[in-house]
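Novice: Supplied in structure tokens, the structure appears directly below.
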Amino acid sequence: MDSLPTMQIVRDRGPAPKSVADTGIEFNNMLRLLLKAVYVRGLETASQLSHELKLPLSIVNELLEETRDRGLTEIYGAAGLRLSAEFRLGLTGKGREWATEALEQSLYVGPAPVSLDDFRRQVERQRLTEEQVARESLANGLSELVVSDRLIRTLGPAINAGRSILLYGSPGNGKTTIAEIIGHLFEDVIHVPYCIDVDGQIIKYYDQSLHESVEEEYEAESGESSESLRTSDTDRRWVAIKRPLAIAGGELNLPMLDLNFNPYSRFYEAPLHMKAIGGTFVIDDLGRQLVRPDDLLNRWIGPMENRVDYLTLNTGRTFAIPFDVMLVFSTNLLPEDIMDPAFLRRIPYKIGLPAPTEEEFLQTLQQECLVKGLDSDDRMGRHVMHEIRERFSMPLAFYQPKFLVQQVVEACRYEGRSPELEPELISEALQHLSPRSAEMGMERVKYAWDNKEVDEDYKPIDQN
């Protein structure tokens, strides 16, 4: 994780609610969440509930007072012998019935949700375009790649526009790597909710596998401590994270772009592109998904143009969310073959990544040799280029130097000798780069997209 001085803190995650009414969540829904926490987690004190629900003590005490008035909880005694000890509480028979009924509606137990309106306001406060990436930052991010100044000049405005980018070109020339680098360039810290309440339905939002929490650094920078959080003005229903980077490739399909309702747990999981709000969503290897490209792309036309997306609950309720996501499409295919003119028009930045020039190839090879401790000169580099183009009839690509150097290093390690870039080892490595199946008399099988089959993989076609 980056050190704190490089982080740009977006401090405003909304004031801490002073009452249940301030949360924007219905009182009974909050009451059920508290009773489930007592029942499932075995929590006995107000401070424990405050920590679990991420709510101030004032709200927890407001809820507990209501549970006592309704005969749902009772006091057991003090939790400890100190004068400052809290009272222990437990559920009555009626309270256990309430908790059981609440669990039948939803098994969600955890931090209290934020309202949909609060989520929308927070997204507006921390829009991606509020952060501008400097040219130096972009150049540093791409420093391990051999890229031209022209590409840096082209990428910079596209990134800061925060809209959508299409990276296209032949395989192995850095599209996926550059797309990932783009997502990692942003340094702002934003805030996302643990979950969102929509019509009493819970949508789980915070995802530890995607969202990189910097909560501890945020607390240190803002002067908060774990002990003071209970009475601070910070709304702990939000998590401080780096701007997210989500990547989906060939596994992407249309259902992944909808709310995912779990019939067992009876609450929703936010779709991947919703979790990427405030950051970057890379659709890698476009055209290789199991869903037809035009169906997948049509899903994005509205959000890209209007910056608003619509999701639907199982109840039929449709609601809008701000679509503050930078979409980065990456493809090895010709854009006009997988995108119609209407869609291409909605992508303001279309950036082709060409194959390396001879000079760029040699520079990349020397760079990879330097990393692995191998000696390399232009003579050996030109031998490599000749073998690739003449003997194996392959175009040059940026990925080839790293692939070949790694193969040579592993072969030398196996033979117990120091790595050395020599013609024989290069020739053997190239065999792995491009198998000479034609020389073995193997037949070629053609594959094509079957437009009559929806969500099906490529189908073999009759060679006759």
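Novice: If you go through region 272-282 one residue at a time, do you hit one that is assigned by TED's automatic domain parsing to the domain that holds L167, under 12 Å from N253 (Cα atoms), small (G, A, S) and part of a loop (DSSP other than H, G, I, E, B)?
Specialist: Looking for residues that are assigned by TED's automatic domain parsing to the domain that holds L167, under 12 Å from N253 (Cα atoms), small (G, A, S) and part of a loop (DSSP other than H, G, I, E, B), one finds none in region 272-282, hence no.
Novice: Given the condition farther than 30 Å from E104 by Cβ, in contact with an Asp or Glu (Cβ under 9 Å, 6 or more places away or on another chain), loosely packed, with under 14 Cβ neighbours inside 10 Å and in contact (Cβ under 8 Å) with a residue 60 or more places away in the chain, answer yes or no: does some residue in region 286-297 qualify?
Specialist: yes
Novice: Does region 329-388 hold any residues that are under 30 Å from R163 (Cα atoms) and basic (K, R), and which are they?
Specialist: Those that are under 30 Å from R163 (Cα atoms) and basic (K, R): R345, R346, K350.
Novice: Can you name the condition, by its number, that G172 falls short on among (1) in a strand (DSSP E or B); (2) over 21 Å from L128 (Cβ atoms); (3) not polar (S, T, N, Q)?
Specialist: (1)
Novice: Please find, within region 126-143, the residue that is farthest from K242 (Cα to Cα) out of those that are in a loop (DSSP other than H, G, I, E, B) and in contact (Cβ under 8 Å) with a residue 12 or more places away in the chain.
Specialist: L142
Novice: Something else about it: Kindly evaluate E131 against the criterion of being more than 30 Å from T318 (Cα to Cα) and of a type in the set (D, E).
Specialist: Here the answer is yes, as E131 does meet what is asked.
Novice: Right, another one. If only one of S84, S50, S106 is polar (S, T, N, Q) and at pLDDT below 90, which one is it?
Specialist: S84 is the lone residue from the list that is polar (S, T, N, Q) and at pLDDT below 90.
Novice: Looking at region 296-307, can you tell me whether even one residue there is at pLDDT below 95 and either part of a loop (DSSP other than H, G, I, E, B) or closer than 30 Å to L33 by Cβ (or both)?
Specialist: Yes, the conditions are met somewhere in region 296-307.
Novice: Do we find a residue being in contact (Cβ under 8 Å) with a residue 60 or more places away in the chain and over 17 Å from the mean Cα position of the chain (by Cα) anywhere in region 174-192?
Specialist: Yes: one or more hits.
Novice: What number of residues in region 364-403 are in contact (Cβ under 8 Å) with a residue 40 or more places away in the chain and outside any helix (DSSP H, G or I)?
Specialist: Of the residues in that region, 10 qualify.
Novice: Now for a separate question. For the structure I just gave you, tell me whether L374 is modelled with pLDDT of 90 or more, farther than 22 Å from D285 by Cβ, aliphatic (A, V, I, L, M) and crowded, with 16+ Cβ neighbours inside 10 Å.
Specialist: no
The values are calculated or read from the model by the stated rules, or taken from the named source; none is laboratory data. As the structure is a prediction and not an experimental result, all values here were calculated from the model. For neighbour counting, all protein chains shown are included, and Cβ atoms are generated from backbone atoms with ideal geometry for every residue, glycine included.
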